[in-house]
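For reference, the structure discussed in these notes is given below.
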Amino acid sequence: PRKEVEIMTSFSEKILPTLFKMVDDLYCSQQQDYSIESGSQHSSGSDLIAAQADALTDAITALSKVTPSHLLENLFAKVIHRVLEASQSTDDQSDKMCSLLALSQALYTSHCLNESSVTLLYRALRPLIGTDETQPRVQKRSYKLLAELCKSKGFVMADGRLHELVDLLTSSTATSQVSARSMRLRCLQAITASLQGSAMVEQVRQRK
């Protein structure tokens, strides 16, 4: 109902930052688990944190759809700024990076970001994917987010984007961490699916 949407829209400015902080706190608690738990205890704790994080990011995605665009773009810009800062740090920022990438994905999957924000997100992901110095968990989540971007035919087929993606994924063969390779395959699958029915594919078929 319109009235309920208006109510959620009016409160989104307060609710979204709170949800962001809850996601950050979860990943912080995960870091504490690494230093306290071991074996199956750690595994069960991580699974619980992952489930809670998924629930929060799903809520962020849903709420983003009724959030004023200027507020959403402002929050997204802050997240990307933090991603760039964390990626340049000499300290281990794995948990913070995973948190920020999870938030980025939640905002992207709301389909409410403008084209320039999506391009900015893609540029932030490229260096995380293109080097073997990226922590395995961070690189895996980076590939996961890139796979989401590649599900959009408009993203893949943007001017020069397809060749950039192919170069990125082929050049990163040697630098992709073992834990990230399944997500890397998802990127390739998503690109292939996005190409179905395109003029480029039809031209190749006609040459056979």
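The values are calculated or read from the model by the stated rules, or taken from the named source; none is laboratory data. Quick caveat, the model's predicted, so the values are computed rather than measured. For accessibility, only protein heavy atoms count, side chains too; no ligands or nucleic acids. Shrake-Rupley method; radii C 1.70, N 1.55, O 1.52, S 1.80 Å.
At a glance:
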quantity	calculated
Kirkwood Rh in Å, taken over the chain so that all alpha-carbon pairs contribute	18.4
Heavy-atom accessible surface of the chain: percent carbon and sulfur, 1.4 Å	53
Where the chain is the region considered: accessible area per residue in Å², 1.4 Å probe	56
Distance histogram in 10 Å bins (all Cα pairs of region 72-164, percent per bin)	16, 54, 28, 3
Shape of region 41-124, Cα gyration tensor, a/c cut at 1.5	oblate
Among the listed pairs Lys21/Lys78; Lys96/Lys144; Lys65/Lys140; Lys14/Lys78; Lys21/Lys96, those beyond 20 Å (Cα-Cα)	Lys65/Lys140
Gaussian network model of the chain, Cα within-10 Å springs - most flexible of Ala158, Ala55, Ala193	Ala158
